[in-house]
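Notes follow once the structure below has been shown.
The values are calculated or read from the model by the stated rules, or taken from the named source; none is laboratory data. What you see is a predicted model, and the numbers here were worked out from it, not measured in a lab. Positions of Cβ are generated from backbone atoms using ideal geometry, with glycine treated the same way; all protein chains shown enter the neighbour counts. Just the protein is used for accessible areas: all its heavy atoms, side chains included, with ligands, DNA and RNA removed. Shrake-Rupley method; radii C 1.70, N 1.55, O 1.52, S 1.80 Å.
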Amino acid sequence: MTTETVRIGIAGINGRVGRLLREEVAAGGGSLAGGTARDAQAASGAASGQFATLGELAPRCDVVIDFTHAATVRAHAAILAEAGVAWVLGTTGLSDEDLDAVQAAAQRIPVVHAANYSPGVTLVTRLARQMAAALPSAAYDAEILEMHHRQKVDAPSGTALAIGQAVADGRGIDFASHVEDARTGHTGPRRADAIGFAVLRGGQIVGEHTLTFTSAAEQITLAHRSFDRRIYATGAVRAALWLRGRTPGLYDMEDVLGLRAP
């Protein structure tokens, strides 16, 4: 089936990312099926293409792109799984219970879940995993610095955490028990196997992430800067088009970009 036939719905169509997604659906060759609007009064149904609930939107879609809020994830997982509609999920800050709901939905529908839909960040994360596997934690300290706009409400960012998870995966260690994301006062010497985080907020920075591996003799730096949040919308639409016809399962942007070994 050609990409022109893919009917794409947008959860939160009037949001900052939602407005970009509307433009990118057309640019990518998909068909905009409509979207959900937070204000129920603004959602007047099929005539406007805006709906008060995802349950109303889902039957009109092949794929739904969702960058809304962690509080909606479990409900959205149930609705889309029941409707048999593929899901591109870009929401971050998910709890273990939220992730369980995503996993459960992926048993019934194809789901792409990524903390960041930029191809560049996808490659950075992949390289982070490879570098961590090659650079022993006893000699190379891993530190992640991120900066975002002043309105961002979660810290560290979902992308920074994804990079940290990649480092942990490369080293074969549990991520949660090796995070150091708050240093103040007399903290003592740095743990050799820690994955450190530092967070900056200010202005309207779209997103900056820097991973360093530092030893006594050298430092390797891997950095990514986003200049326009449109890159996230472009990547999400690419993922939506890629999902058409896929079997149920949980995918990520490495799958979309064809980076997985066959």
ask   = Considering only the other residues whose Cβ falls under 9 Å of the Cβ of Ala166, what net charge follows from Lys and Arg at +1 and Asp and Glu at -1?
value = +1
task = Using packing as a proxy for protection, rank 156-166, 68-78, 208-218 so that the peptide with the highest average count of other Cβ atoms within 10 Å comes first.
result = 156-166, 68-78, 208-218
query = Which residues' amide hydrogens lie under 5 Å from the amide hydrogen of Gly9, considering only partners 5 or more residues apart or on another chain, with H built in the peptide plane?
reply = Ala33, Asp62, Val63, Val64, Ile65
ask   = Out of these labelled values of volume of the Cα convex hull per residue in Å³, (i) 138; (ii) 201; (iii) 110, which was calculated from the coordinates shown here?
value = (i)
task = Treat each spin label as a single point 7 Å out from the Cα along the C-beta direction, and report the Glu23 to Phe175 distance in nm.
result = 3.1 nm
ask   = Is it possible to state the helix-based mean residue ellipticity at 222 nm for the chain, with each DSSP H run of 4+ residues giving -39500 (n - 2.57), the sum divided by total residues, to the nearest 500 deg cm²/dmol? What is it?
value = -10000 deg cm²/dmol
Whole-Å distance, taken between Cα centres, linking the range 136-167 and the range 237-257 = 25 Å
message = To test your reading of the geometry: what angle, between 0 and 90 degrees and rounded to tens, separates the Cα axis of helix 158-171 from the longest principal axis of the chain?
response = 50 degrees
Cα long-axis angle, helix 230-243 against the chain (0 to 90 degrees, to the nearest 10) = 70 degrees
message = What's the magnitude of the charge dipole for the chain around its Cα centre, counting Lys and Arg as +1 and Asp and Glu as -1 at the beta-carbon? Answer in Debye, nearest 20.
response = 560 debye
task = Along Cα→Cβ, 7 Å out, is where each label goes; now give me the distance between the ones at Phe227 and Asp39 in nm to one decimal.
result = 3.4 nm
remark   = Residues whose modelled amide H sits under 5 Å from the amide H of Ala198, counting only those 5 or more places away in sequence or on another chain, are Ile144, Leu145, Glu146
key: Local net charge near Asp252, Cβ-Cβ under 11 Å (Lys/Arg +1, Asp/Glu -1)   = 0
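Going by average Cβ density within 10 Å per residue, which order do the peptides 86-93, 228-235 take, highest to lowest?
Those peptides, ordered most packed to least, come out 86-93, 228-235.
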request  = Round to the nearest 10 and give me the degree value, 0 to 90, for the angle of helix 119-134's Cα axis relative to the longest principal axis of the chain.
outcome  = 30 degrees
ask   = Per residue, how much accessible area does the chain show when a 1.4 Å probe rolls over the protein heavy atoms, in square angstrom?
value = 48 Å²
inquiry  = Applying a 10 Å radius around every beta-carbon, put 99-107, 137-145 in order of their mean neighbour count, most first.
reply    = 137-145, 99-107
task = Using a/c under 1.5 as the rounded threshold, could you call the range 117-262 rounded, prolate or oblate? The axes a ≥ b ≥ c are square roots of the C-alpha gyration tensor eigenvalues, and prolate needs a/b larger than b/c, oblate otherwise.
result = oblate
query = Which of Gly12, Gly84, Gly202 moves most in a GNM of the chain, Cα contacts under 10 Å?
reply = Gly202
ask   = Percent antiparallel among DSSP beta bridges with both residues in the chain, to the nearest 5?
value = 35 percent
request  = Could you please state how large a percent of the accessible area of the range 65-166 is carbon and sulfur, counting protein chains only and using a 1.4 Å probe?
outcome  = 55 percent
